Amino acid sequence: MSRPAKLIIDLSALRHNVTIAKNCCALGGLVAVLKANAYGHGAIEVAFAIEDQVNMFAVSSIEEAEQLRDAGIQKPILLLEGCFNAVELKICQARDFAVVVHCDKQLSELESITLSTPLSVWLKVDSGMHRLGMNAKEAKSAYQRLTASQNVVGEPILMTHMASSDLLEQNYTVQQLDVFNRLSQELKSTGLAKTMKTSIGNSGSILGWPEASSDWARPGIMLYGLSPFTAPHAIADKLKPVMTLKSEVIAVREIAAGERVGYGSTWQASRRSVIATVAIGYGDGYPRNAKSGTPVLVNGNTAYLAGRVSMDMLSIDVTDIAPVSIGDEVTLWGQGLNANLVAEWADTIGYELVTRMPLRVAKTYLSQVFERR
Ligand SMILES: *Cc1c(COP(=O)(O)O)cnc(C)c1O
């Protein structure tokens, strides 16, 4: 038997989630965010599975974009951080990548290069997150310069990113929208913008802030079936998890009350206990800081992490769900056990758990609805 730790990627769940995103953005197009290897799900497989459902893809680097083109993806691809140097602009022209311009350096490089065909450009506005983008004043002149540049197709698309769209009770999103909408109105009323297309929504905005609707939504995490919210949410709760992390029990033992389990002997049995050892650890992307008590499914029943996670293994208390045997299937997160819940026990978010899966854990794709060309 080969090592049982594996990732199951359910492409029909992915397509279901894209449909939910589409329904939320009926008036605009969808840019599916595939950065970081599609949040750990495999960018090429994900892109092929949903290419017919979305308008465009977005990634963080030219390497990620080229990987998709090399594989045969034909839809437009947007570089969310733009080009890191002028050489990349030539590649964007050759391979039909759209670029974000978020700073003056990128703007000048784009203006001064000689391109045989113009690029689609997205102008990033800093409406309050203060990570990337130009403030309203800079953006006004940049919009004008980009519109005038021979290297730009038509007018740029005006985009921004929300800092707190997952916090539905906060009004920071409203403040950001206000900054952004005032700028876009001004560009229109002064005649600087004739067409004015906008892009705002990440998953939190798409699901939680209908007033943030725009011409191009940019969903990421929701496509992978994880809610951006911690509280229940009517639409987000209909998403289906795409990634399921599984392994198997490789040892079972009984220990007496008072005995301890794992490195550092941090977990102590309060009663006579049955402990199962599972072939998965932090070397497989399971978070080492998951606390004792983190839920784990064994044959569909809930057991609990007992003691520290090792590199290749972890221990679980299965006393209440015995009998458990070698070879029994264990689900660490995914179908039946939400990754966001496991993430909470490890002081992180579902985004991080799925994205940082190492290549060591092989992926199996279910319902390969659309075969790779
Ligand atoms: C990652 C990213 C998104 C997607 O965000 P989610 O919260 O995963 O939906 C959208 N826009 C930009 C600019 C991003 O960097």
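The values are calculated or read from the model by the stated rules, or taken from the named source; none is laboratory data. On a predicted model such as this, the values are computed, not experimentally measured, just so you know. All Cβ positions, even for glycine, are placed from backbone atoms using ideal geometry, and neighbour counts span all protein chains on display. Keep in mind that these areas ignore ligands, DNA and RNA; they rest on the heavy atoms of the full protein, side chains included. Shrake-Rupley method; radii C 1.70, N 1.55, O 1.52, S 1.80 Å.
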Completion exercise
Relative to the compact-globule estimate 2.2 N^0.38 Å (N residues), the Cα gyration radius of the chain stands at a ratio of 1.13
Exercise for the section: Would you mind calculating the gained length between residue 22 and residue 364 on full extension (0.36 nm times residue separation, minus the Cα-Cα distance), in nm to one decimal? Expected result: 120.5 nm
Handout entry: Convex hull volume per residue for segment 209-252, taking Cα atoms only, in Å³
Key = 111
Handout entry: Per-residue ³J(HN,Hα) for segment 135-142, Karplus 6.51 cos²θ - 1.76 cosθ + 1.60, θ = phi - 60°, Hz, x for Gly and Pro
Key = 6, 4, 5, 4, 5, 4, 6, 5
Exercise for the section: Would you work out which of 279, 57, 5 lies farthest towards the positive end of the dipole of the chain? Charges go on Cβ: Lys and Arg +1, Asp and Glu -1. Expected result: 57
Problem - Farthest toward positive dipole pole in segment 180-262 [+1 Lys/Arg, -1 Asp/Glu at C-beta], among 209, 199, 250 - result: 199
Fill in the blank from the handout: Dividing the mean separation of Cα pairs under 8 Å (6+ apart) by the residue count of segment 215-373 yields a relative contact order in percent of 24
Problem - Gain in span if fully extended, residue 195 to residue 150, counting 0.36 nm per residue against the direct Cα distance - result: 14.5 nm
Practice task
Amide H neighbours of residue 197 under 5 Å, at least 5 residues apart or on other chains, H built in the peptide plane: list them.
Solution key: 158
Handout entry: Cα-centre dipole for the chain with unit charges at Cβ (Lys and Arg positive, Asp and Glu negative), debye to 20
Key = 140
Handout entry: For segment 151-273, average projected area of the Cα convex hull in nm²
Key = 14.0
Problem - Entries of 22/363; 75/188; 140/188 with Cα pairs more than 22 Å apart - result: 22/363; 75/188
Practice task
Give, as a single signed number, the net charge of other residues whose beta carbon lies under 13 Å from the beta carbon of residue 5, with Lys and Arg counted +1 and Asp and Glu -1.
Solution key: +1
Practice task
Using a/c under 1.5 as the rounded threshold, could you call segment 260-315 rounded, prolate or oblate? The axes a ≥ b ≥ c are square roots of the C-alpha gyration tensor eigenvalues, and prolate needs a/b larger than b/c, oblate otherwise.
Solution key: oblate
Practice task
Excluding residue 63 itself, calculate the net charge of residues whose Cβ lies under 14 Å from the Cβ of residue 63, where each Lys or Arg counts +1 and each Asp or Glu counts -1.
Solution key: -2
Problem - Rounded tilt (10° steps) of 62-71 against the dominant C-alpha axis of the chain - result: 80
Exercise for the section: Hey, can you find the accessible area per residue of the chain for me, probe 1.4 Å, expressed in square angstrom? Expected result: 44
Exercise for the section: Calculate what fraction, in whole %, of the accessible area of the chain sits on carbon and sulfur atoms when a 1.4 Å probe is rolled over the protein chains. Expected result: 51
Problem - Electrostatic dipole magnitude of segment 199-310 [Cβ: Lys, Arg +1; Asp, Glu -1; Cα centre; debye, to 20] - result: 420
Problem - Per-residue [θ]222 nm for the chain (sum of -39500 (n - 2.57) over DSSP H runs n ≥ 4, rounded to 500) - result: -8500 deg cm²/dmol
Completion exercise
In degrees, nearest 10, the alpha-carbon axis of helix 11-24 is tilted away from the dominant principal axis of the alpha carbons of the chain by 50
Problem - Helix 86-95 vs. the chain, principal-axis angle (Cα, 0 to 90°, nearest 10) - result: 90
Completion exercise
So, over other residues within a Cβ distance under 14 Å of residue 317, counting Lys, Arg +1 and Asp, Glu -1, the net charge is +3
Handout entry: Global form of segment 189-228, assessed from the alpha-carbon gyration tensor, a/c cut-off 1.5
Key = prolate
Exercise for the section: May I ask you to work out the translational diffusion coefficient for segment 61-129 at 37 °C, viscosity 0.692 mPa s, via Stokes-Einstein with Rh from the Kirkwood sum over Cα pairs, reported in whole µm²/s? Expected result: 266
Problem - P(r) weight above 15 Å for segment 1-77, C-alpha pairs, percent - result: 56
Handout entry: FRET efficiency estimate (nearest 0.05) - Cβ-Cβ, residue 66 to residue 104, R0 35 angstrom
Key = 0.85
Completion exercise
Karplus-derived 3J(HN,Hα) from phi for segment 158-173 (6.51 cos²θ - 1.76 cosθ + 1.60, θ = phi - 60°), whole Hz, x at Gly and Pro, runs 8, 10, 8, 10, 8, 7, 9, 5, 7, 9, 6, 8, 8, 9, 4, 4
